[in-house]
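Undergrad: Encoded as structure tokens, here's the structure I'll be asking about.
The values are calculated or read from the model by the stated rules, or taken from the named source; none is laboratory data. Given the structure is predicted, the values throughout are model-derived calculations rather than measurements. Neighbour counts are summed over all protein chains in view; Cβ atoms, including those assigned to glycine, are modelled from backbone coordinates with ideal geometry.
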Amino acid sequence: MSWFLSWLSGAILYAAPILYPTLGEVVEQRTGMVNLGLEGLMLLGASISFAVSFITKNPWLGILAAIGTGLVANLVYAWLVVHRNASQLAAGLALMFFGIGMSALVGKPYVGQMAAYLPKYPLLGSQSLIFRYDLLVFLAFFLAPVVWFFLFRTRWGLKLRAVGESPAIAYAAGVSPGLVRYLAAAFAGICAALGGAHLSIGITGTWSEGMTAGRGFIAIALVIFSRWNPLRAIVGALVFGGAVVLQLQLQAQGIGISAFLMDMIPYVLTVLVLLVWGRGVRHVAPASLGRVYFGTE
Amino acid sequence: MPNFLRRWKWPALRLTVTVVVILGVFGLFLLLMGKDPIKAYRDTFAANVLNPRGLSELVVRMAPLLLTALAVAIPFRVGLINVGAEGQFMLGALLGSWAALNVQGLPQPLHLLLLILAGMVGGALWGAIPGLLRALGWINETITTLLLNYLAPLIVGYFVFGPWRAPELAMYPQTPEFPSTARFPSIAGTRLHLGFFLGLFFLAIYAYLISRSRWGLEMRAVGGNPEAARRLGIPVERWILIAMMVGGALAGLAGIAEVAAIHGRLKMAISPGYGFMGFLINWLAFANPIGILIMSFLVAFIASSGFTLQITQRLPYAAVNVLMALILFTVLAKPLAKGAQR
């Protein structure tokens, strides 16, 4: 039982850094933009928040820095896609390259250092050592229903989804597709960077090159799994977090399986999730997903 | 002004401006990191262009890049985005190494042929997974190829740290050295090896097939409008699978060539991102054979510059990714005519 509780506790902790980029990508894809650059944004958030919190000894300033970086970096992506009519896939991959390289440059002096952690608070006032989380974990699980409410129960959410279904019709109805996409990209950039920042200064307290280990791509898979619904995204993030923690626990118990094979679990699981739930989602996906909107005359 | 100059004036000017912008922005980053950009650029140029050995190393580095660029270009022709050349490269290196280490007593040409084929099979199988999932209409190939890139090094790691680890080198996780019959021959005095000529050979075949054969026409039809191609009786799904497998096979060949020619044994650090560089090359060249040749040289120069900067400026190697991203950003920011999409 205690084993199960500590697994659950860890699953919730590790769900947060994947839930952030997933929520951001859900919103972005609901406006018709596929962003493959999440991995780069997460790495930027992780490295910059770590550097700032190491220098200032204040993790909250690190979080702020990550928010600013993610925002600016993803607005560059949005500019390429919205204003320069660039391919979304290529622009996203360019962002990925940029994040991988830039985070390595920024984080170089801090490899092997420890930074100030975010403070942790017990869930439901429990006294035990498990179920203690930093504020970013609480925020992540609070944000998912908020995003759901915004997307499906407000007028603004309706406009946003309209852009994703048909930019031309949204435009005719008085919505500016470009503006909506910029705003969605800004939100997604912040989310992805927060996910990365939570990994470096919320969970591990360290920085290492490429530490997000493909979470940006796993998040894209979770968006497909969640059928572009933020509430289902919580489930996906918990499943993924659970897999990561299971793998860590098995390794800690020292069973005789190669660590390399254990490290495969999250990726294999993601491919399987896509296989089972990713088929035949085309009718659920936003209709204009991945297409370039050249404007309406 | 002679006609050819007039024709080249604007593209050349645009290219110059692009290069200046990229070098300027990257220099700014170097400045912010507390490095001297002028010195960094001078060192890079001196080490890789003015030095004959450096220049020959550029050509050596073109070998894997030509092949990984083709691994992206062939699926691109049928409208697929293969971002998985990195993983296909690793799997090719793995299976090729198996053939190199476990087969003995063959004469060198046969042994080389065997390990080349094994490497191509490894890459083709790794490419077949996303190809099959896409051909069945189940999962988009972009996301699967990206995810498989994270699995491939783990598989290589399992063998290199586990069953294949050389006992005599306890410090370094790597396989024993390949037998001499499994080493790629190279031109005396340089590291210019068989892999480079294989790369040129396959590039030539690619150039011929896409422009002069029925296959090339069918691939273009599938890439242009799969529905129309299907109505014409072209087996669209089969082409999707074949393109991914052939692409994977070429990336796998790049992997085993790199191992058998340069390293002589399988280890973890065999690719500084050759698969991703192949993607960049193809995007710059737009699947054009001549473009692939030119851009491979350019990217080989960037990759080598990364090593120079690592040594002289103590920058992490991943910094070249910034340079590659800036190039892609600049190319993507160039506005195109309506209807055309990059």
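Undergrad: Residues that are of a type in the set (D, E, K, R) and at pLDDT below 85: does the range A:207-217 have at least one? Can you show your working first?
TA: From the range A:207-217, those of a type in the set (D, E, K, R) are A:209, A:215; that's our starting set.
Narrowing the set further to residues that are at pLDDT below 85 leaves none.
Within the range A:207-217, not a single residue is of a type in the set (D, E, K, R) and at pLDDT below 85.
Undergrad: Still on this structure, please answer the following. I'd like to know if the range A:65-81 contains one or more residues that are touching a residue at least 60 places away in the same chain (Cβ under 8 Å), over 23 Å from A:Gly32 (Cα atoms) and more than 16 Å from the chain's Cα centre (by Cα).
TA: Within the range A:65-81 (the criterion being touching a residue at least 60 places away in the same chain (Cβ under 8 Å), over 23 Å from A:Gly32 (Cα atoms) and more than 16 Å from the chain's Cα centre (by Cα)), the answer is no, since none of the residues qualifies.
Undergrad: Next up: Residues that are among the hydroxyl-bearing types (Ser, Thr, Tyr), within 12 Å of another protein chain (Cβ to nearest Cβ), in a helix (DSSP H, G or I) and under 17 Å from B:Gly92 (Cβ atoms): does the range B:128-142 have at least one?
TA: Checked against the condition, which is being among the hydroxyl-bearing types (Ser, Thr, Tyr), within 12 Å of another protein chain (Cβ to nearest Cβ), in a helix (DSSP H, G or I) and under 17 Å from B:Gly92 (Cβ atoms), the range B:128-142 yields no hits at all.
Undergrad: Residues in the range A:108-131: is at least one in a helix (DSSP H, G or I) and at the interface with chain B (Cβ under 8 Å from one of its Cβ atoms)?
TA: Checked against the condition, which is being in a helix (DSSP H, G or I) and at the interface with chain B (Cβ under 8 Å from one of its Cβ atoms), the range A:108-131 yields at least one hit.
Undergrad: Within the range B:114-138, track down each residue that is farther than 16 Å from B:Ala85 by Cβ and small (Gly, Ala, Ser).
TA: Scanning the range B:114-138 gives B:Ala118, B:Ala135, B:Gly137.
Undergrad: Further, regarding this structure: Checking B:Gly255 against (1) buried (at least 16 other Cβ atoms within 10 Å of the Cβ); (2) in contact (Cβ under 8 Å) with a residue 12 or more places away in the chain; (3) more than 19 Å from B:Gly87 (Cα to Cα), which single condition isn't satisfied?
TA: (3)
Undergrad: Run A:Met211 past the list (1) among the aliphatic types (A, V, I, L, M); (2) part of a helix (DSSP H, G or I); (3) within 14 Å of chain B (Cβ to nearest Cβ) and report the number of the one that doesn't hold.
TA: Failed condition: (2).
Undergrad: Can I ask one more? Return yes or no: is A:Arg181 more than 20 Å from A:Gly37 (Cα to Cα), basic (Lys, Arg), touching a helix residue (DSSP H, G or I) at 6+ places or on another chain (Cβ under 6 Å) and part of a helix (DSSP H, G or I)?
TA: No.
Undergrad: Same structure, new question: It is to be established whether one or more residues within the range A:235-251 are assigned to a helix (DSSP H, G or I), more than 11 Å from the chain's Cα centre (by Cα) and closer than 22 Å to A:Gly112 by Cβ. So that I can check it myself, show each step before the final result.
TA: Taking the range A:235-251 first, the residues assigned to a helix (DSSP H, G or I) are A:235-251.
Next cut, more than 11 Å from the chain's Cα centre (by Cα) only: A:235-236, A:238-251.
After this cut, where a residue has to be closer than 22 Å to A:Gly112 by Cβ as well, the list is A:248, A:251.
Taking every residue of the range A:235-251 in turn, at least one turns out to be assigned to a helix (DSSP H, G or I), more than 11 Å from the chain's Cα centre (by Cα) and closer than 22 Å to A:Gly112 by Cβ.
Undergrad: May I ask you to say which residue of A:Leu80, A:Leu151, A:Leu105 is within 14 Å of chain B (Cβ to nearest Cβ), over 25 Å from B:Pro272 (Cβ atoms) and assigned to a helix (DSSP H, G or I)?
TA: On the way: A:Leu151 fails: within 14 Å of chain B (Cβ to nearest Cβ); A:Leu105 fails: over 25 Å from B:Pro272 (Cβ atoms).
Of A:Leu80, A:Leu151, A:Leu105, the one residue that is within 14 Å of chain B (Cβ to nearest Cβ), over 25 Å from B:Pro272 (Cβ atoms) and assigned to a helix (DSSP H, G or I) is A:Leu80.
Undergrad: To continue, here is another question. Filtering the range A:260-297 down to residues that are within 21 Å of the chain's Cα centre (by Cα) and of a type in the set (Phe, Trp, Tyr), which residue is nearest to the other protein chains (Cβ to nearest Cβ)?
TA: The residue in question is A:Tyr267.
Undergrad: Within the range A:267-291, which residues are under 19 Å from A:Leu23 (Cβ atoms) and in contact with a Gly (Cβ under 8 Å, 6 or more places away or on another chain)?
TA: Those that are under 19 Å from A:Leu23 (Cβ atoms) and in contact with a Gly (Cβ under 8 Å, 6 or more places away or on another chain): A:Val273, A:Pro286, A:Leu289.
Undergrad: Suppose we keep only residues that are under 22 Å from A:Ser288 (Cβ atoms) and among the hydrophobic types (A, V, I, L, M, F, W, C) within the range A:32-50. Which one would you say is surrounded by the most Cβ atoms within 10 Å (Cβ to Cβ)?
TA: Pass one, the range A:32-50, residues under 22 Å from A:Ser288 (Cβ atoms): A:32-38.
Restricting the remaining residues to those that are among the hydrophobic types (A, V, I, L, M, F, W, C) gives A:33-34, A:36, A:38.
Details: A:Met33: 29, A:Val34: 24, A:Leu36: 25, A:Leu38: 35.
Among those residues, the one meeting the criterion is A:Leu38.
Undergrad: I would also like to ask the following. Can you tell me which of (1) among the polar types (S, T, N, Q); (2) at pLDDT below 90; (3) under 28 Å from B:Tyr274 (Cα atoms); (4) touching a Gly at 6+ places or on another chain (Cβ under 8 Å) is the one A:Thr56 doesn't meet?
TA: With (1) among the polar types (S, T, N, Q); (2) at pLDDT below 90; (3) under 28 Å from B:Tyr274 (Cα atoms); (4) touching a Gly at 6+ places or on another chain (Cβ under 8 Å) applied to A:Thr56, the lone miss is (3).
Undergrad: Sticking with this structure for a sec: Need the failing condition index for A:Gly242 against (1) in contact (Cβ under 8 Å) with a residue 40 or more places away in the chain; (2) facing another protein chain (nearest Cβ under 10 Å); (3) small (Gly, Ala, Ser), just the number.
TA: Against the list (1) in contact (Cβ under 8 Å) with a residue 40 or more places away in the chain; (2) facing another protein chain (nearest Cβ under 10 Å); (3) small (Gly, Ala, Ser), A:Gly242 comes up short only on (2).
Undergrad: Next up: Which residue out of A:Ile224, A:Ile257, A:Ile218 is crowded, with 21+ Cβ neighbours inside 10 Å, more than 16 Å from A:Pro17 (Cα to Cα) and within 14 Å of chain B (Cβ to nearest Cβ)?
TA: Testing whether each residue is crowded, with 21+ Cβ neighbours inside 10 Å, more than 16 Å from A:Pro17 (Cα to Cα) and within 14 Å of chain B (Cβ to nearest Cβ) leaves just A:Ile224.
Undergrad: Cβ contacts < 8 Å: first residue at the interface with chain A (Cβ under 10 Å from one of its Cβ atoms) and modelled with pLDDT of 90 or more, restricted to the range B:155-175; second residue surrounded by fewer than 17 Cβ atoms within 10 Å (Cβ to Cβ) and part of a helix (DSSP H, G or I), any location; separation 6+ or different chain. Result?
TA: That search, which allows pairs on different chains as well, returns B:Tyr158/A:Leu261.
Undergrad: Within the range B:263-340, considering only helices (runs of 4 or more DSSP H) that don't extend past its boundaries, which have at least 1 residues that are crowded, with 18+ Cβ neighbours inside 10 Å, within 14 Å of chain A (Cβ to nearest Cβ) and touching a Ser or Thr at 6+ places or on another chain (Cβ under 6 Å)?
TA: The helices (runs of 4 or more DSSP H) meeting that bar are B:274-285, B:289-312.
Undergrad: Of all residues in the range A:264-294 being touching a residue at least 60 places away in the same chain (Cβ under 8 Å) and out of contact with any helix residue (DSSP H, G or I) (no Cβ under 8 Å at 6 or more places or on another chain), which is nearest to B:Asn149 (Cα to Cα)? Even if it seems obvious, please write down each step before you answer.
TA: Let us first name the residues in the range A:264-294 that are touching a residue at least 60 places away in the same chain (Cβ under 8 Å), namely A:285-294.
Within this subset, residues satisfying the condition of being out of contact with any helix residue (DSSP H, G or I) (no Cβ under 8 Å at 6 or more places or on another chain) are A:291, A:294.
Details: A:Arg291: 26, A:Phe294: 33 Å.
Taking the candidates together, the pick is A:Arg291.
Undergrad: Can you tell me which residue in the range B:159-201 is farthest from B:Val59 (Cα to Cα), limited to those that are hydroxyl-bearing (Ser, Thr, Tyr) and assigned to a loop (DSSP other than H, G, I, E, B)? Quick ask: steps written out before the conclusion?
TA: Let us first name the residues in the range B:159-201 that are hydroxyl-bearing (Ser, Thr, Tyr), namely B:172, B:175, B:180-181, B:186, B:190.
Applying the additional criterion that residues be assigned to a loop (DSSP other than H, G, I, E, B) yields B:172, B:175, B:190.
Details: B:Tyr172: 29, B:Thr175: 27, B:Thr190: 10 Å.
Checking each candidate, the answer is B:Tyr172.
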